[in-house]
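The values are calculated or read from the model by the stated rules, or taken from the named source; none is laboratory data. Predicted model only: the values in this text are computed from it and were never measured. For neighbour counting, all protein chains shown are included, and Cβ atoms are generated from backbone atoms with ideal geometry for every residue, glycine included.
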Amino acid sequence: MKFDFDVAIIGGGLVGLATACALSQCDLNVALIDTKVQNYADLDSDIIGVRASAINGSSQHYFAQIGVWDDLCASQRVQAFTEIGVWEKDGQAHLSAHAQDFGYQNLGYIIENHVMSHYLYQYALACSNIRFFSYEAVNSVLNDDYASLTLADNTILQAKLVIGADGAHSWLRQQQKIPVIERDYIHHAVITTVTTEYRHQSCAKQIFYPNGIIAFLPLWQSNKSCLVWSTKPNKASNLASISEMEFANELFALTGDKVGHCQLINPRMVFPLKARFAKCFVKHRLVLIGDAAHTIHPLAGQGVNLGFQDSALLVATIKDLVAANKKDIGLSKNLQVYQLARRKDTLVMLAAMRTIQDMFNGDLLLKKLLRTIGMNAVDHCSPLKKQLIKYAMHI
């Protein structure tokens, strides 16, 4: 069978779902291709997700524009954080920020990924101009007038534009032979959820030590946090395989003074960390967004926000093209302004993450001195700290 759409999106993760929902408001017919998106149909109130994301002000505004923010808040699983604390283990470097000191209600929100996916999926299901396809795409052809996708069940989808939102190992990016610049962070992330002895008090915490970074993202229960422990690959494998008690003891040795003893709630998951940057985000009839276009270290929690910023600007660009005498939304020349803006923002963030990780990697005396001087100088300079916070919040 053959179907015609205005836009076809490959990938039903957070960024793909958000893009479909937002495009539905542009009076466009949207196909969303994903084999697992139906897993988001139900939300168990008793299950705390393994993965959570820090959502900045820009992403929150985007959710409100789409129309899912009120539903997310009504779930009572949105945790605003009003403070951030950054420390160096066995060092003097320290940085903290309180929302009220800068006139903000909060600095962002921590939300479980599966909760966001659930409400985006429910919104998309209610849209008559979004159609889901559960078979994977097996071939893609970008023609002059349309993109053609063949699914595993031999269904053919034709669209003016195909959007690749299919993650760091994007099938579409590989199919279209788009090169990627990669840099191994030489870190793997161990992710789980923990109960902490001390209440999180709406504070997002990061502890740096010579071999890694440990982050606690406060969840909607006062003593529950998402744990993201970035460390050397061999150490990450060890942390994933030792007993829960051994894991908790190692964690306490590094973070006990900040959170107390921890107890694991969920299994531990391990993810290799790489910086990726596609050499082009836009081709004729194709756009890459989210992790399909770029990945960064999770130490600043900006990865998913970069993806939502991609989505928001792409939707706004498409909306303007549709309004401007039905301009072709799939022509690469009509999407160049979008590409330039997103590549610039992404490169700045990639450079920032590399600088921060390199600075905190190792325990050389000179590095420790520079860390202490630099972080403490920022901590005592309110105007600079406010600018950094505004950049992180993307407001």
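Tabulated values for the structure
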{"quantity": "Which listed residue, of Leu273, Leu306, is in contact (Cβ under 8 Å) with a residue 60 or more places away in the chain, closer than 28 Å to Leu14 by Cα and aliphatic (A, V, I, L, M)", "calculated": "Leu273"}
{"quantity": "Unmet criterion (only one of (1) more than 20 Å from the chain's Cα centre (by Cα); (2) within 21 Å of Leu95 (Cβ to Cβ)) for Cys226", "calculated": "(1)"}
{"quantity": "Looking only at the stretch 120-129, and only at residues there that are hydrophobic (A, V, I, L, M, F, W, C) and surrounded by fewer than 21 Cβ atoms within 10 Å (Cβ to Cβ), the one that is nearest to Ile191 (Cα to Cα)", "calculated": "Leu125"}
{"quantity": "Scan of the stretch 35-57 for residues that are under 14 Å from the mean Cα position of the chain (by Cα) and of a type in the set (Ser, Thr, Tyr), ordered by number", "calculated": "Ser53"}
{"quantity": "Residue tally, condition surrounded by fewer than 21 Cβ atoms within 10 Å (Cβ to Cβ), part of a helix (DSSP H, G or I) and either touching an Asp or Glu at 6+ places or on another chain (Cβ under 9 Å) or not assigned by TED's automatic domain parsing to the domain that holds Gln122 (or both), over the stretch 17-33", "calculated": "1"}
{"quantity": "Breaking point among (1) under 23 Å from the mean Cα position of the chain (by Cα); (2) in a loop (DSSP other than H, G, I, E, B); (3) assigned by TED's automatic domain parsing to the domain that holds Ser24, for Ala124", "calculated": "(2)"}
{"quantity": "Pairs where the first residue, in the stretch 97-108, is touching a residue at least 12 places away in the same chain (Cβ under 8 Å) and closer than 18 Å to Trp87 by Cβ and the second is of a type outside the set (Gly, Ala, Ser) and assigned to a strand (DSSP E or B), C-beta under 8 Å, 6+ apart", "calculated": "Ala97/Glu83; Ala97/Ile84; His98/Glu83; Leu107/Phe81; Leu107/Glu83; Leu107/Ile84"}
{"quantity": "When residues of the stretch 133-148 are limited to those that are polar (S, T, N, Q) and touching a residue at least 12 places away in the same chain (Cβ under 8 Å), the one nearest to Thr35 (Cα to Cα)", "calculated": "Ser134"}
{"quantity": "Flag for Phe252 being surrounded by fewer than 21 Cβ atoms within 10 Å (Cβ to Cβ), in contact with a Cys (Cβ under 8 Å, 6 or more places away or on another chain) and of a type in the set (Phe, Trp, Tyr)", "calculated": "yes"}
{"quantity": "From the options Ile55, Ile48, residue that is out of contact with any Phe, Trp or Tyr (no Cβ under 7 Å at 6 or more places or on another chain) and under 27 Å from Ala204 (Cβ atoms)", "calculated": "Ile48"}
{"quantity": "Listing of strands (runs of 3 or more DSSP E) fully contained in the stretch 182-246 that carry 1 or more residues being surrounded by fewer than 22 Cβ atoms within 10 Å (Cβ to Cβ) and either touching a residue at least 60 places away in the same chain (Cβ under 8 Å) or not assigned by TED's automatic domain parsing to the domain that holds Gln79 (or both)", "calculated": "203-209, 224-231"}
{"quantity": "Verdict on Phe132 being surrounded by 15 or more Cβ atoms within 10 Å (Cβ to Cβ), closer than 22 Å to Lys89 by Cβ and in contact with a helix residue (DSSP H, G or I) (Cβ under 7 Å, 6 or more places away or on another chain)", "calculated": "no"}
{"quantity": "In the stretch 127-143, the residues that are assigned to a loop (DSSP other than H, G, I, E, B) and under 29 Å from Ile47 (Cα atoms)", "calculated": "Cys127, Ser134, Tyr135, Glu136"}
{"quantity": "Selected residue [outside the structural domain of Ser202 (by TED's automatic domain parsing) and touching a strand residue (DSSP E or B) at 6+ places or on another chain (Cβ under 7 Å)] from Ala64, Ala80, Ala54", "calculated": "Ala54"}
{"quantity": "Test: residue in the stretch 58-78 that is among the hydrophobic types (A, V, I, L, M, F, W, C), under 17 Å from Lys205 (Cβ atoms) and out of contact with any Gly (no Cβ under 7 Å at 6 or more places or on another chain)", "calculated": "no"}
{"quantity": "Residue match in the stretch 165-181 (condition: in the same structural domain as Phe133 (by TED's automatic domain parsing), on the phi < 0 side of the Ramachandran plot, exposed (fewer than 15 other Cβ atoms within 10 Å of the Cβ) and within 18 Å of the chain's Cα centre (by Cα))", "calculated": "yes"}
{"quantity": "The stretch 248-278: number of residues that are charged (D, E, K, R) and over 20 Å from the mean Cα position of the chain (by Cα)", "calculated": "3"}
{"quantity": "Residue count, the stretch 287-330 (criterion: of a type outside the set (A, V, I, L, M, F, W, C), assigned to a helix (DSSP H, G or I) and within 14 Å of Ala168 (Cα to Cα))", "calculated": "5"}
